[in-house]
Amino acid sequence: MKRTFETEFAGRHLSVETGEIAKQADGSVLVRFGDTVVLSTACCADTPKEGDFFPLTVNYEEKQYSVGKIPGSFLRREGRPGEHATLSARLIDRPIRPLFADGFRNEVQIVNTVMSVDRDNTPEMTGMLGSSLALCISDIPFEGPVAGVYVGRVDGKLIIDPTEEEAAKSDINLAVAGTKDAIMMVESSAKEVPEEEMLDAIMFGHEAIKELCAFQEEIIAAVGKEKRHIDLYTPDPAIKDDIYGRIGERMVKAISIFDKLERQDAIDALKKEITDDYESRSYENDKAKNKTMMMVGDILEEMVANEVRRLITEEKIRPDGRKVDEIRPLDVQIDLLPRAHGSAMFTRGQTQVIGTTTLGPLSEAQIIDNLTSEESRRFMHHYNFPPFSVGEIGRMGSPGRREIGHGALGEKALSAVIPSVEEFPYTIRCVADVVESNGSSSQASICANCLSLMAAGVPIKGVVSGIAMGLISSGPLDGNHPYTILTDIQGLEDHFGDMDFKVAGTSLGVTALQMDIKIHGVTREVLSEALAQAHKARAEIREAMEKVIAKPREEVSKYAPKMTTFHIDPDKIRDVIGTGGKVINDIIARCDNVKIDVEDDGTITIYHVDREMINKAKAIIDDIVREAKVGEIYEGTVNRVEDYGAFVNLFGDTDGLCHVSRLGWNYIDNANDVCKVGDKMKVVVIGIEDGKVKVSHREFLEKPEGYVERPERPAGRGNGNRGGNSFRGGHGHGDKKFHK
């Protein structure tokens, strides 16, 4: 039976429908937020999967009909999820995943189908609400509800779920999700906003989240199903006691080795000792053997995790011996790659990233085809994480969800300092290639590409540095259990820790935040402490960067396209383009394949590595759009002579007629008597009629003494042949004049 639940949220109508659509799913809701409509479903497998992880999949399916579009692909069907859909799926996954019990191994799939989009009412957070509700009203065990909101700030005022117009003016673009009790996820870009103000925005968003959680609890109470029993995975206690008894003390010593590779070799040797033993034993069948070996692996992993966490929380000792607020050794280099427009390498401990910047014309901006209003992107930040960076063999190819997510975070962090298109009319692509990794490679990529941008001569507005903060807790964050905030977490601390909190920004403030957790939320106090510790670390990293390059170079690389921008009358654009692009293609060919961008407002930008080619192309365009004006003086070339006058090329395709009467002060019977094709002639424009230009040359000749201007005679007849008593007739250019 269909049930509908309604409320007002952020000044807009929010409704949830259930019991009518997708009834065979374990849980399904149709959520309407304004005119945005998302169908969210949840399904759970009946039996657990083999493996040491929770198999949760969150899909975010963007339907082009939701915004009245037909897909642009060849088949005119929606294809694989685009970048925006992938990031939206990750946004929903991150606060939901920690709310399943440890040991949950049944596969769960959440599908959000975006069916109608009102861009003033967020489909992403509508999908998060729907995902939480689909789980909560189903029989799937889930420790929700959870909800999310966007937070903006316009003219100092914080806004929940800003409209598209408000978001364009906002200096904060924050996504925050959580339960009614704590924050679960943060993702943000900002325009150099101080940490305390970012924290206020996060907590402002949490107050709105509490409203959405209360609304969900009403729905769950009305239509929620009784939760099914799920057998949670737990290792065999006998096997656990055996392994701890045999290698427990040796594992503690191995974990205390500072060097990553040495430590890992020691840990791996102990793991191999145990796994080889259990592998060689007799089992009833392969299924029993596989189950035991999985348990052995889990126990060994748990052993390492428990010791790492104990050392940090109790003894304040990190795996590599650092203090809790200490950054690993830093190394900064620029100009590694001579032909790249800008390049740098940033190394922090055993994490190393090579960053590059490439500049191109505006016409090479990325074309965006998703459900947002964004149509193109002139600044791109791409992140690559090859398997060799961690000494492994693995898949190479198109980026996965993690790579897309880390690239987008770097793009947010650096976008705040990228110059406007008016200041720097280039398309800018940054690429971060991780060549070695031991934690926090996303923040190293931000540092590397901030350096590569400055090396490339991009006039960024500030130096951006980033750091990843961690959290190791001994229990719930209720004030009764100690916890430790870690600066610059490495791989082991990230893997076994409770929080990964990435902070990037300039000396003025934060430009990007991202927080993921594995526990049931964090408090304001924890976030405040992490932000303060990150502020200190970012300043230290920024200082190291500025020692190598303190500000952007004045000029772009000699291998980068130079450019010039100017404006023409929009009515002249058709003259520059020509029929079928004939004119502009001719300019490109004559100027060594320059790139020319022409905007509808008459803005023209020309790009080429050779400044001479840019100047040549600009001169040609200037000549095309130029108009002669009365009184202007030109050094022209005679390109045609008739008996009644000479045609002088002033510029481009513009000629002016110098009538025979204006070629000199004395009477001239035939223009051929005084000039020929190819002669240089200085002329002044004396008139323009119906687009035809009249010029005079005699003003630049010495006037004869006693010269008297003769009156013009009435126009004669004929086609300009001599007749009567020495007169000249015109050929349609200028007035016909008679001379004695």
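General remarks:
- Here Gln109 meets each of (1) polar (S, T, N, Q); (2) open to solvent by 10 Å² or more (accessible area, probe 1.4 Å); (3) under 17 Å from Phe215 (Cβ atoms) with one exception, condition (3).
- Complete set of residues in the stretch 647-700 that are part of a loop (DSSP other than H, G, I, E, B) and of a type in the set (Ser, Thr, Tyr): Tyr667
- Residue list for the stretch 115-147, restricted to those being open to solvent by less than 20 Å² (accessible area, probe 1.4 Å), closer than 13 Å to Gly27 by Cα and of a type outside the set (A, V, I, L, M): Gly130, Ser131, Ser132, Cys136, Ser138
- Scanning the stretch 323-373 for residues that are under 30 Å from Glu62 (Cβ atoms) and either open to solvent by 70 Å² or more (accessible area, probe 1.4 Å) or in a strand (DSSP E or B) (or both), we see that the one that is modelled with the highest pLDDT is Thr358.
- All positions within the stretch 604-619 that are in contact (Cβ under 8 Å) with a residue 60 or more places away in the chain and over 16 Å from Glu555 (Cα atoms): Thr605
- Test result for Pro387, over 30 Å from Lys551 (Cα atoms), out of contact with any strand residue (DSSP E or B) (no Cβ under 7 Å at 6 or more places or on another chain) and at pLDDT 90 or above: yes
- Any hit, the stretch 510-530, residues being open to solvent by less than 40 Å² (accessible area, probe 1.4 Å), in contact with a Pro (Cβ under 8 Å, 6 or more places away or on another chain), among the hydrophobic types (A, V, I, L, M, F, W, C) and assigned to a strand (DSSP E or B): yes
- Number of residues in the stretch 203-229 that are under 34 Å from the mean Cα position of the chain (by Cα) and not β-branched (Val, Ile, Thr) equals 11.
- When residues of the stretch 569-598 are limited to those that are in contact with a His (Cβ under 9 Å, 6 or more places away or on another chain) and surrounded by 12 or more Cβ atoms within 10 Å (Cβ to Cβ), the one nearest to Ser363 (Cα to Cα): Lys595
- Between Ile317, Ile299, the distinction of being surrounded by 15 or more Cβ atoms within 10 Å (Cβ to Cβ), in contact with a Lys or Arg (Cβ under 7 Å, 6 or more places away or on another chain) and under 30 Å from Ile243 (Cα atoms) belongs to Ile299 only.
- Failed item in (1) buried (at least 17 other Cβ atoms within 10 Å of the Cβ); (2) within 30 Å of Ala305 (Cα to Cα); (3) of a type in the set (A, V, I, L, M, F, W, C); (4) in contact (Cβ under 8 Å) with a residue 24 or more places away in the chain, with Ile219 passing the rest: (2)
- Some residue of the stretch 546-568 being under 13 Å from Ile620 (Cβ atoms) and surrounded by 18 or more Cβ atoms within 10 Å (Cβ to Cβ): yes
- Of residues in the stretch 495-509 being of a type outside the set (A, V, I, L, M, F, W, C) and under 25 Å from Ser415 (Cβ atoms), the one surrounded by the most Cβ atoms within 10 Å (Cβ to Cβ): Gly505
- Test: residue in the stretch 98-114 that is acidic (Asp, Glu) and modelled with pLDDT of 95 or more: yes
- The stretch 228-252: number of residues that are surrounded by 11 or more Cβ atoms within 10 Å (Cβ to Cβ) and part of a helix (DSSP H, G or I): 12
- Filter result for Ala177 (open to solvent by 30 Å² or more (accessible area, probe 1.4 Å), in contact (Cβ under 8 Å) with a residue 60 or more places away in the chain, closer than 29 Å to Ala22 by Cα and outside any helix (DSSP H, G or I)): no
- Count of the stretch 254-300 residues which are closer than 28 Å to Ile317 by Cβ and either in a helix (DSSP H, G or I) or modelled with pLDDT of 90 or more (or both): 23
- There is at least one residue in the stretch 70-80 that is more than 18 Å from Val186 (Cα to Cα) and either buried (at least 17 other Cβ atoms within 10 Å of the Cβ) or of a type in the set (Ser, Thr, Tyr) (or both).
- Residue, farthest from Arg402 (Cα to Cα), within the stretch 440-467, restricted to residues that are out of contact with any strand residue (DSSP E or B) (no Cβ under 9 Å at 6 or more places or on another chain) and among the hydrophobic types (A, V, I, L, M, F, W, C): Ile460
- Inter-residue pairs, beta-carbon under 6 Å, first of a type in the set (Gly, Ala, Ser) and in the stretch 64-87, second open to solvent by 70 Å² or more (accessible area, probe 1.4 Å) and part of a helix (DSSP H, G or I), 6+ apart: none
- Tallying residues that are more than 20 Å from Asp498 (Cα to Cα) and assigned to a strand (DSSP E or B) within the stretch 438-488 yields 1.
- From the options Gly645, Gly687, residue that is under 60 Å from the mean Cα position of the chain (by Cα) and modelled with pLDDT of 90 or more: Gly687
- Count - residues of the stretch 190-210 that are in a helix (DSSP H, G or I) and in contact with a helix residue (DSSP H, G or I) (Cβ under 9 Å, 6 or more places away or on another chain): 7
- Matching residues in the stretch 403-437 - criterion: being of a type in the set (Gly, Ala, Ser), open to solvent by 20 Å² or more (accessible area, probe 1.4 Å) and in a loop (DSSP other than H, G, I, E, B): Ala416, Ser420
- Output for the stretch 156-174, where each listed residue is in contact (Cβ under 8 Å) with a residue 12 or more places away in the chain, farther than 23 Å from Leu14 by Cα and open to solvent by 20 Å² or more (accessible area, probe 1.4 Å): Lys169, Asp171
- The residues in the stretch 438-460 that are surrounded by fewer than 24 Cβ atoms within 10 Å (Cβ to Cβ), at pLDDT 95 or above and either over 23 Å from Lys558 (Cβ atoms) or touching a Lys or Arg at 6+ places or on another chain (Cβ under 7 Å) (or both) can be counted, and the count is 1.
The values are calculated or read from the model by the stated rules, or taken from the named source; none is laboratory data. Remember, it's a predicted structure, so these values are computed and weren't measured experimentally. Glycine gets a Cβ as well: all are built from the backbone with ideal geometry, and neighbour counts include every protein chain shown. Note: areas computed on protein heavy atoms with side chains; ligands, DNA, RNA excluded. Shrake-Rupley method; radii C 1.70, N 1.55, O 1.52, S 1.80 Å.
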